[in-house]
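What follows is a single structure, written as structure tokens, with notes after it.
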Amino acid sequence: MNDLIHHLLTFWNSLIHKPLFGLLLTLVVFQGALWFYNLCGRRAFVHPVAVSSVVIAAFLKFGGIPYREYVQANDLIYFLLGPTTVALAIPLYREFHHIRKLAFPVLLTVLLGGVFAAVSAVGIAWMMGANEQVLLSLAPKSVTTPIAIGIANNIGALTTLTTGVVVFTGVIGVLLSPVVFYLLQLHDPRAQGIVLGLNAHGVGTARGFELNATTGAFATLAMGLNGAFTALTLPYIVPLF
């Protein structure tokens, strides 16, 4: 009996460290979280990104799997984030006739919101005594993951910390969005899209498309503009400080 248990443990330890195991873990857990999300009527508080992140984090912790090893196993998914983000141009184009009428207020809102998001995050962390590398890692937290990783590499931040903060920001943004919309009586799908795309980037944009096409299109616009603005300015602003 002891030999059987030993062989099973040996097999399990060899299995979880195989390159494809991390990718399979991501796909299976996310699919399960998506099923649970649909079962609960697509409630924001059980968003599949939030649920699957917690489950995978617990699995890595108790399974003794190094985070770096898990990330390397999911390189394919990281690679696909870029093309997926670019593909959002299609629904954006379909709603362009609505967007063109509000070009100036949308642009102004995104610029001011993007600056405030970065400054507030870095400022709060600085007041709490965070070191320089943590501050750099927090600066791009309000842009979508593929852009945030590129910025983090450019400014010398910790890409793993930046990625985690970006995902956390997106999940929290989606979880709190119904409360914010209710308190502010924000019923316009265009305004809701701007809020979701600006504050919750990729996760918020996905949530916007679940609400309706207009919300998703404006979320895509806000996410794209904020990402471009941050990528073009942040690497040049950081050296000044």
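The values are calculated or read from the model by the stated rules, or taken from the named source; none is laboratory data. Remember, predicted model here, so these are calculated numbers, not experimental data. Note that each Cβ is placed from the backbone with ideal geometry, even for glycine, and that neighbours are counted across all protein chains shown. Remember, those area values only see protein heavy atoms, side chains included, never the ligands or the DNA or RNA. Shrake-Rupley method; radii C 1.70, N 1.55, O 1.52, S 1.80 Å.
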>> Just to check I understand the Karplus step: with θ = phi - 60° and J = 6.51 cos²θ - 1.76 cosθ + 1.60, what whole-Hz values come out for the stretch 68-79, glycine and proline as x?
In response: 4, 5, 5, 4, 4, 5, 9, 4, 4, 5, 4, 5
> If you take the beta carbon distance between M127 and K61 as r and set R0 to 25 Å, what does 1/(1 + (r/R0)^6) give as a FRET efficiency, to the nearest 0.05?
Replying inline: 0.25
> Setting aside same-chain residues fewer than 8 positions from K61, which lysines have a Cα under 20 Å from its Cα?
Replying inline: K18
> Among 227-239, 131-143, how do they line up from the highest to the lowest mean number of other beta-carbon atoms within 10 Å?
Replying inline: 131-143, 227-239
> To the nearest 10 degrees, how steeply does helix 159-183 sit against the main Cα axis of the chain, on a 0 to 90 scale?
Replying inline: 60
>> Could you work out how much longer the chain between Q185 and L158 gets when fully extended? Use 0.36 nm per residue separation minus the Cα distance between them, nm to one decimal.
In response: 5.9 nm
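To the nearest 0.05, how large is the calculated FRET efficiency for L176 and D75 if R₀ is 51 Å and r is the Cβ-Cβ distance?
0.95
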> How do Y67, Y37 rank by accessible surface area computed with a 1.4 Å probe, from largest to smallest?
Replying inline: Y67, Y37
> For L20 and F116 in the same chain, what is the full-extension length gain: residue separation times 0.36 nm, less their Cα-Cα distance, in nm?
Replying inline: 30.6 nm
> For the residue pair I90 and C40, what label-to-label distance in nm results when each label sits 7 Å from Cα along the Cα-to-beta-carbon direction?
Replying inline: 2.9
> Taking Cα atoms, how many degrees apart are the long axis of helix 145-155 and the longest axis of the chain, rounded to 10 and kept between 0 and 90?
Replying inline: 90
>> Mean-square fluctuation check for the chain, GNM, Cα pairs under 10 Å: which of V51, V166, V180 is largest?
In response: V180
>> Using the crude model of +1 on Lys and Arg Cβ and -1 on Asp and Glu Cβ, and no other charge, please compute the dipole size for the chain relative to its Cα centre, in debye to 20.
In response: 420
>> I need the phi-derived Karplus couplings for the stretch 25-41: 6.51 cos²θ - 1.76 cosθ + 1.60, θ = phi - 60°, integer Hz, Gly and Pro marked x.
In response: 4, 4, 5, 5, 5, 5, 4, x, 5, 5, 4, 5, 4, 5, 4, 8, x
